[in-house]
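Following: one structure in structure tokens, then a few remarks.
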């Protein structure tokens, strides 16, 4: 059986109304789509189908603007299970402040939790994140329990605003929990936030797991975690149905063993006494400001520029963006020219943060670049 699929702009009020009907089955499935979205070259997906399997309630287009874009199909069961498990972990139903776009899974999650808790979300104005707008929105919240889901970049800007004397800290302390997810957060700002008395929880997950399903390393109820050959794999009630219209990719990402499905995250990690620690990516994809960036694609563009044929691109930690590309080369080129070329070919999130000139590129015995050594050099310069 199938149901219609409705594509709609990610206006949160529109998405919220349509989401209620999608979850209870009385309306079509929905695909929230970024307004005025102009996909990067080479990333266009196939036309959106008019119908989807009956179980599918929401479809999320991933931010794979520099990798492989895909449409993640989520059932009402997965979304509602995620909301229920989150509610238990956070201490009960409460009101949410929506500070993320409604075409992101984290934004959809805020709206789903608002539906299940029967509260009205307070919606941050669209556009550039403004700490004062966040303060104003938080003042409109009136429930006993208050929550928000933000990315590390937003947290950093809120903390910076507090240090500048803006009336931010008092409002942030009113939140019973601030979920921080979407990308890695370094230890320093996390410790800074906790020291200031903020109720922080690190959220780990993806569109394929109906959003965050591990809080501070602890899986939510109904979520399973295992490590296979160094890779974090997630299972349980919040798993997506798969990738819409792509059975081959679905089979590869969601293997089934003994009747149980798992999601291969591509992240490296370890389990210590049941606590998950994610240590990085197994592949060459970083997440900058919540957007996936394939280093191979950045390197392809950079090495095509005059004088940069030997360029190697690695990931470096960033206080603001989580991770950023950094170029190492024995040649030279103005940083702004490199950034401009990469942005034109791939997108703004892929722009390198630096072009570092070295005497020679470290090589392995095979003659290939020693990327481990180069990444260590990048870490030393961070």
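Each value in this text was obtained by applying a stated rule to the coordinates, not by laboratory testing. Keep in mind that this is a model prediction, so the values were computed, not measured. Using ideal geometry, Cβ is built from the backbone for each residue, glycine included, and neighbour counts are taken over all protein chains shown.
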Exercise for the section: Tell me which label goes with the value of Rg and Dmax of the Cα atoms in Å computed from the coordinates here: (i) 21.1, 65; (ii) 25.5, 85; (iii) 24.8, 107. Expected result: (i)
Exercise for the section: Report P(r) for region 2-221: all Cα-Cα distances, bin width 10 Å, range 0 to the bin holding the largest distance, values in whole percent. Expected result: 8, 34, 36, 18, 4, 0
Problem - Burial ranking of peptide ranges 188-198, 211-221 (average Cβ count within 10 Å, highest at the top) - result: 211-221, 188-198
Completion exercise
What helix-only [θ] at 222 nm does the chain give? Using -39500 (n - 2.57) per DSSP H run of at least 4, over all residues, to the nearest 500, the answer is -9000 deg cm²/dmol
Exercise for the section: Let me know the shape class of region 284-381, please: from the alpha-carbon gyration tensor, a ≥ b ≥ c as square roots of the eigenvalues, rounded when a/c is under 1.5, otherwise prolate if a/b is greater than b/c, or oblate. Expected result: oblate
Exercise for the section: Pairs of Cα atoms under 8 Å, at least six residues apart: use those to get the relative contact order of region 61-207, whole percent. Expected result: 20 percent
Exercise for the section: Return a whole-number percent for the relative contact order of region 284-381, with Cα pairs under 8 Å and 6 or more residues apart as the contact set. Expected result: 26 percent
Fill in the blank from the handout: As a percent rounded to 5, the proportion of antiparallel DSSP bridges among beta bridges in region 2-221 is 40 percent
Practice task
Only Cα pairs under 8 Å and at least 6 apart count here; give the relative contact order of the chain as a rounded whole percent.
Solution key: 12 percent
